[in-house]
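A short worksheet on the structure shown next.
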Amino acid sequence: MNTILKKLLTILCFLVCPVLLYELIVFFIAGLFKVLLLSLEADSAAALFLNRNLPLLYSGIGASLAALILGFLYLSFKKQTGVPSSARTFPVYGYFYVIFLGAAGAIFFNLLLELSRLPELFPTTETIRTVTEASHPMIYFLVVCLIIPVTEELCFRGLGFFHLRRQFSYLTSALLTALAFGIFHGNAPQTLYGFCMGILLAHTAESCQNLFSLFLFHWSANVVSFSFLGRPAEQTLMYSLPILGLSGIACVWLYYRVRGLKGEPIS
């Protein structure tokens, strides 16, 4: 019973609570922005700018504040527990494997979702796409491709996976964090995509044992998604079976290359 309770507390403290904290901070910032918007004249330049970019602005600022808090917690727990710990130096070429794995995974799973026609069954996906496309491209890139990945990795892998791994097997830790990561994305297609990418991220965390590799993976995946999703290039790619096949083969090859980094000796 004590062991079960300890495992449940680990899930609560290092996975559930960080996610709730992240959500509460974003919710609070969203409320502040809405109050600010009400205080502005409806046809003023500031109000028009806020209306156009509101979801990304409060998401970006909320994620930045959450990253500061979660980063502090991550470093504090790392100092106390030594998690993640590694008795080896990480090879520089390993970072390139991680970057390409993130890109290949993003292409493969995005194309797979488009070919499945699953997004057409869920109008919320199109609503999200409409909101993001109405925003300024640079703000979208900064928030979605750079800021949010850092916060999510601190939340789901930095505090989540690395600490769950002390109480659970690799498979259980990977499934729990990937499932939470998928559900966090909020709609069925993105939940499925997030779960699949969460498995790859857990594999990267297990193999590389450092947070920077996870940042690189996530940045790469989001940049690729930003470059193609909702853009004319997607119309060429989403029905391309050869690209789907090649990206799938690249995922498998890079998966095993990243796994091979686990046994890298100290140089």
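Laboratory data are not the source of any read-out in this text; all were calculated from the coordinates shown. Note that the coordinates shown come from a computational prediction; the quantities given were computed from them, not determined experimentally. Note: ideal-geometry Cβ built from the backbone for every residue, glycine included; neighbour counts use all protein chains shown.
A few points about this structure:
- Each of Ser64 and Ser39 was given a label point 7 Å from its Cα along the Cα-to-Cβ line. The distance between the two points is 1.8 nm.
- Sequentially through the stretch 18-25, phi angles give Karplus couplings (6.51, -1.76, 1.60; θ = phi - 60°) of x, 5, 5, 4, 4, 5, 5, 5 Hz, Gly and Pro residues having no value and appearing as x.
- Coarse-grained scattering of the chain at q = 0.16, 0.17 Å⁻¹, given as base-10 log I(q)/I(0) from a Debye sum over alpha-carbon atoms: -1.28, -1.40
- Simple Cβ-charge dipole of the chain, Lys/Arg +1 and Asp/Glu -1, about Cα centre, in debye nearest 20: 1020
- Positive minus negative residues near Ser59 (Lys, Arg vs Asp, Glu; Cβ under 13 Å): -2
- With helices as the sole contributors, the chain gives -24500 deg cm²/dmol at 222 nm; each DSSP H run of n ≥ 4 counts as -39500 (n - 2.57), and the sum is divided by every residue.
- Theoretical FRET efficiency, 1/(1+(r/R0)^6), r = Cβ-Cβ of Arg117 and Thr3, R0 41 Å, to 0.05: 0.35
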